[in-house]
Amino acid sequence: MPLSWIVYILTALAALVVVLTRKRLGGDEAGAGRFQTSSNLLNVHTVAGALAVLLWVVFLVTGAGDGVGNAFVGIVALAFFWITVVAGLMILVRWMPSRGKHSSDAIHDSWSDGPGLSVLGHVGMLVGVCVFTWAYLTSAV
């Protein structure tokens, strides 16, 4: 499978991770996990992720690597992707085990039983952004 196909598939999956994270944690109810996620962190994840996907799609559609202006769009998109990854991994911390006398049990929701979905989404996003960065640096897209 050509690398460009993998990049397109990972771009769609990145958009899905950003949207589902917002949907899962953006409601009135507390999100699943052991700790509550800051609304500011969720907003950073959503805004940076939306801008990253939008700019990355523009970069890919307008001929990735053609011209200085388009290269700048790719760099900005990657920067927003890395911000999204860091925010996503910080969101993932909500599943870290807590110990002690006043620790609380994990809150589960109807999406999954435990952190599996969050780990898959956010570690997958990290791997995807590493692939995007590598593809960009090697001019493979």
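The values are calculated or read from the model by the stated rules, or taken from the named source; none is laboratory data. Because the structure is predicted, anything quoted here is derived from the model rather than measured. Here the Cβ is made from the backbone with ideal geometry for all residues, glycine too, and neighbour counts use every protein chain on show.
A few remarks follow.
- The listed residue being modelled with pLDDT of 85 or more and exposed (fewer than 13 other Cβ atoms within 10 Å of the Cβ), out of L137, L120: L137
Conditions tested, residue by residue: (1) modelled with pLDDT under 65; (2) of a type outside the set (A, V, I, L, M); (3) buried (at least 16 other Cβ atoms within 10 Å of the Cβ).
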position	(1), (2), (3)
T37	no, yes, yes
V53	no, no, yes
A77	no, no, yes
I83	no, no, yes
G114	yes, yes, no
